[in-house]
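The values are calculated or read from the model by the stated rules, or taken from the named source; none is laboratory data. Keep in mind that this is a model prediction, so the values were computed, not measured. When we count neighbours, we look across all protein chains shown, and the Cβ atoms used for this are built from the backbone with ideal geometry, even at glycine.
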Amino acid sequence: MKLILIKDVENLGKTGEEIDVKDGYATNYLMPRNLAVRLTKANLKVVEGIKRKEGHKLKKEKEAAQKLADKIASASCTISVEAGEEDKLFGSVTSEMIAEAYAAEGFEIDKKRIELETPIKKLGVYHASFKIHPEVSAQLKIWVVKK
């Protein structure tokens, strides 16, 4: 059965794509969950309208994410930790610690989206990447100082 996807479906396609699936999959799964509609000229026009609205929405989200990334990039956080000889830390600085330090600065950052290049195990200045949007990431500046 030929269908047009209304929403993105993992391992099948993105919104607006024309797909060809078995009748049972279409009638029992895709169509009842409003993931797809039959391929007709009228439905093609409807799906084009949905794609335009979604594209506009994604553009606004990306612009907002870029503004937030610029704000975050201009800020930095300081994390005080205990260190031994040769400025080695007892343990390491985690993404959770970084998220808490930025929360103290007024930024809500999800620790799961922080990407450290290498574990932070010494005092110094470090940079990490924070994924705000699939296409936008911000650079975090982290100062690790001795308590």
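Within the range 110-121, if we keep just the residues that are in contact with a strand residue (DSSP E or B) (Cβ under 6 Å, 6 or more places away or on another chain) and either of a type in the set (D, E, K, R) or in contact (Cβ under 8 Å) with a residue 24 or more places away in the chain (or both), the residue that is farthest from TRP143 (Cα to Cα) turns out to be ARG113. There is at least one residue in the range 38-61 that is part of a helix (DSSP H, G or I), in contact with a strand residue (DSSP E or B) (Cβ under 9 Å, 6 or more places away or on another chain), in contact (Cβ under 8 Å) with a residue 60 or more places away in the chain and not aliphatic (A, V, I, L, M). Of the residues making up the range 95-142, those that are on the phi > 0 side of the Ramachandran plot and either at pLDDT 90 or above or within 14 Å of the chain's Cα centre (by Cα) (or both) number 1.
For the range 25-61, a residue qualifies if it is among the basic types (Lys, Arg), surrounded by 12 or more Cβ atoms within 10 Å (Cβ to Cβ) and either over 24 Å from HIS133 (Cβ atoms) or in the same structural domain as GLU135 (by TED's automatic domain parsing) (or both), and exactly one does: ARG38.
How about the range 70-106: which of its residues are surrounded by 17 or more Cβ atoms within 10 Å (Cβ to Cβ) and farther than 19 Å from THR118 by Cβ? ILE72, TYR102 - these are the residues of the range 70-106 that are surrounded by 17 or more Cβ atoms within 10 Å (Cβ to Cβ) and farther than 19 Å from THR118 by Cβ.
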